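The values are calculated or read from the model by the stated rules, or taken from the named source; none is laboratory data. The model shown is predicted, which means the values in this text are computed figures rather than measured ones. So basically every Cβ, Gly included, is an ideal-geometry build from the backbone, and we count neighbours across all protein chains shown.
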Amino acid sequence: MSSPVFPITDDHIHIDPVNGRGIEAAKDFQRVGGTHIFLVSKPSWSLSVHPTSGADYANVFDETLRVAGMVSELGLGVHTVLGVHPAEISRLTERMTLEEAVTVMKGGLDCAARYVQEGKAVALKSGRPHYEVIPEILAASNDVLAHALNLAAECRCALQIHAETGPCSDVVEMAQRAHVPKERVVKHYGSPDTPLHPSLIAKHESIPQLVRERRPFTMESDYMDENSRPGAVIGPKSVPRYTNMLLKNGVISPDDCFRIHAETIEKVYGVVITLA
């Protein structure tokens, strides 16, 4: 395998040796030119963790760190993003009150923030349901999201958010109240109309235009690595393959590649992206 000449970073990917292809998926990413990943913790239920307190999320986070170590041994750069998936609120309220669910989710975020403070993770994740919910659930979810933003401010780290399709413009004001720059609030599975930082699915039709405008964005696969949903959302090769296709077709230059996959990543997450 030849050494890469420029970095290619997947801003949001899951690697799951228990329920998916695990390290083989990471090898696929590497074989086609991928160099760095942001490994995002999976929802608790996908790892058979059923939290009754915030501390229980440590089991999810420790598994994420274990997998990160395995991926790092391949020679890939790995940064972990830890937090509580917003859909947890629907699962938790099946067995506890809404108030209790909010307490558990905030506690899980407190737990994740400790990992960031200890240097074991570089960012938090939170958000609100991307599906229709009753007003009480939405209000509670925004309360949890506000807590995550306050923690991101305390940790001086970025926050990835899962949320509904669209700009999520109201999150800008929430970030301002928490004193978090909107450029460090990453709209996972984002779109160009967001005032937050857009992390775009590889193959998004707006990528060439954003490159021409020199607008900051990052690229992701949101690969779930679950055998029950092979290739969802898109496969682990997607970010490197699409980047190399754009380069081959002259849509982006090597300088653009460095800007997207290294410089912008560094500005958002405060990490240094280098080639070995």
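Considering LEU82, LEU47, the condition of being over 17 Å from the mean Cα position of the chain (by Cα), closer than 21 Å to VAL104 by Cα and not hydroxyl-bearing (Ser, Thr, Tyr) is satisfied by LEU47 alone. Against the definition (hydrophobic (A, V, I, L, M, F, W, C) and farther than 18 Å from ILE89 by Cα), how does VAL60 come out, yes or no? Considered against the rule, which asks whether it is hydrophobic (A, V, I, L, M, F, W, C) and farther than 18 Å from ILE89 by Cα, VAL60 comes out as no.
Scanning segment 168-195 for residues that are in a loop (DSSP other than H, G, I, E, B), in contact with a Leu (Cβ under 8 Å, 6 or more places away or on another chain) and of a type outside the set (Ser, Thr, Tyr) yields CYS168, VAL180, GLY190, PRO192.
Put simply, of LEU92, LEU82 the only residue that is in contact with a Phe, Trp or Tyr (Cβ under 8 Å, 6 or more places away or on another chain), crowded, with 20+ Cβ neighbours inside 10 Å and modelled with pLDDT of 95 or more is LEU82. Of the set (1) in contact with a Ser or Thr (Cβ under 9 Å, 6 or more places away or on another chain); (2) closer than 22 Å to TYR189 by Cα, all apply to GLY54 but (2). Taken as a whole, the structure places ARG156 among residues that are surrounded by fewer than 19 Cβ atoms within 10 Å (Cβ to Cβ) and touching a residue at least 60 places away in the same chain (Cβ under 8 Å). Can you find, within segment 95-106, the residue that is nearest to THR52 (Cα to Cα) among those that are of a type in the set (A, V, I, L, M, F, W, C) and crowded, with 19+ Cβ neighbours inside 10 Å? Ranking the qualifying residues of segment 95-106, first place goes to VAL104. Here VAL84 meets the list (1) farther than 21 Å from HIS197 by Cα; (2) β-branched (Val, Ile, Thr); (3) touching a residue at least 40 places away in the same chain (Cβ under 8 Å) almost entirely, failing just condition (1). Would you confirm, using the coordinates I've provided, whether PHE217 is surrounded by 14 or more Cβ atoms within 10 Å (Cβ to Cβ), over 19 Å from the mean Cα position of the chain (by Cα), at pLDDT 95 or above and among the hydrophobic types (A, V, I, L, M, F, W, C)? Considered against the rule, which asks whether it is surrounded by 14 or more Cβ atoms within 10 Å (Cβ to Cβ), over 19 Å from the mean Cα position of the chain (by Cα), at pLDDT 95 or above and among the hydrophobic types (A, V, I, L, M, F, W, C), PHE217 comes out as no. Among the candidates SER72, SER3, the residue that is more than 26 Å from LEU98 (Cα to Cα) and either modelled with pLDDT under 95 or crowded, with 24+ Cβ neighbours inside 10 Å (or both) is uniquely SER3. The set of residues in segment 234-276 that are among the β-branched types (Val, Ile, Thr), free of Cβ contacts under 8 Å to residues at least 40 places away in the same chain and either in a helix (DSSP H, G or I) or closer than 21 Å to VAL185 by Cα (or both) contains only VAL272.
So, of the residues in segment 104-156 that are among the polar types (S, T, N, Q) and under 22 Å from THR64 (Cα atoms), which turns out to be nearest to the chain's Cα centre (by Cα)? This residue is SER126. Taken over segment 91-124, residues that are in contact with a helix residue (DSSP H, G or I) (Cβ under 8 Å, 6 or more places away or on another chain), under 18 Å from LEU39 (Cα atoms) and not small (Gly, Ala, Ser) amount to 8.
You will find that of HIS204, HIS261, the residue that is within 24 Å of VAL171 (Cα to Cα), crowded, with 17+ Cβ neighbours inside 10 Å and not basic (Lys, Arg) is HIS204 and no other. Selection over segment 211-230 of residues that are more than 14 Å from GLY34 (Cβ to Cβ) and in contact with a helix residue (DSSP H, G or I) (Cβ under 9 Å, 6 or more places away or on another chain) gives a count of 8.
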